Amino acid sequence: MINVISQEVYRQIKAMQGSQEPQTVSPQTGGVLLADMRPGAKVADMKQLFEAARRKNSFAVCIPQWFVSVAKENLVGSKIKIATVIGLPEGTNSPLAKYAEIKQAVAAGADLVLIPINMDYCRAGDTKAVQKDLAESLTASRGKAMAAAVIEVKDLDNSRIIETAQACASVGAEAIILSGIAGGTVQSDQIRDLKAKGLKVGVIGGASDAGRQSEYKQAGADWLVVRNR
């Protein structure tokens, strides 16, 4: 498995050397990802989430990985996508561990995997390490599920967010999810800056507030991850 991952990373690095521009993300229908990511959530809670997603015509449900197969069974015949978050809280577990999580989630039926980048690397300004870590992680999703890179905005200025987002797109991230889960607040200009670069952009953490939702939509956000209430 490690050799396969290494070969893919080598291919990605060679591709990056041949072009300084990020890859164009594939077009996808956006909207609200209705979420219940509580560690203590039960199957009954998930079923309530699925029903709410149907009523609200949500684009997707965002759930813990261990409920993906439950969602697959309960959403048969529905257009609602299944999303899960890999490598919480800030992507600092190993790429091999994230690879294994993604592989398992995709096998269970996930359509979209949200992958937190390694924020230790990011805050240290080591963009190449961020790229390598992400490339190794998302190899398991290629051709099977859409992969989105999650960037925590806390302690990052806009230039660092843009640089990191473009680096993630260049190794295969099809969308960028700006996150305020670690304590930061996603700003509208951060969304606009990434949209101006041709990137698909989502928000997680803080997007459940109605006022913020309107603000983020006006800024051009494609996805909003919203807690089910």
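Things to note:
- Charged-residue dipole, Cβ positions (Lys, Arg, Asp, Glu), the chain about Cα centre, Debye nearest 20: 680 debye
- Segment Thr92-Ala129, extension gain: residue separation times 0.36 nm, minus the distance between their alpha carbons: 12.1 nm
- Positive minus negative residues near Val201 (Lys, Arg vs Asp, Glu; Cβ under 10 Å): +2
- Here the gap between Ala100 and Arg229, fully extended at 0.36 nm per residue and compared with their Cα-Cα distance, gives a gain of 43.3 nm.
- C-alpha center-to-center spacing [the stretch 189-206, the stretch 155-169] in angstrom: 11 Å
- Gaussian network model of the chain, springs between alpha carbon atoms under 10 Å - residue of Tyr121, Tyr99, Tyr216 with greatest fluctuation: Tyr121
- Maximal additional length on extending the Ala44-Asp209 stretch stands at 56.9 nm, based on 0.36 nm per residue less the C-alpha distance.
- Comparing Ala129, Ala210, Ala219 in a Gaussian network model of the chain where C-alpha atoms under 10 Å apart are linked, the largest mean-square fluctuation is found at Ala210.
- Residues of the stretch 127-154 with an amide N closer than 19 Å to a point placed 7 Å from the Cα of Ala182 along the Cα-to-Cβ direction: 127-138, 148-154.
- Mean projected area (nm²) of the alpha-carbon convex hull when the stretch 141-229 is viewed from all directions: 5.9 nm²
- Given Lys56/Lys98; Lys197/Lys217; Lys72/Lys144; Lys144/Lys200; Lys154/Lys200, the pairs whose alpha carbons are separated by over 22 Å: Lys56/Lys98
- Two-decimal log10 I(q)/I(0) for the chain, as the Debye equation yields it once each C-alpha is a single scatterer, q = 0.14 Å⁻¹: -0.83
- Value at 222 nm in deg cm²/dmol, rounded to 500, when DSSP H runs of n ≥ 4 in the chain each add -39,500 (n - 2.57): -13500 deg cm²/dmol
Readers should treat all values here as calculations from the given coordinates under stated rules, not as data from a laboratory. Owing to the predicted nature of the structure, the values given are computational and were not obtained by experimental measurement. Cβ: placed from backbone, ideal geometry, glycine included. Neighbour counts: every protein chain shown.
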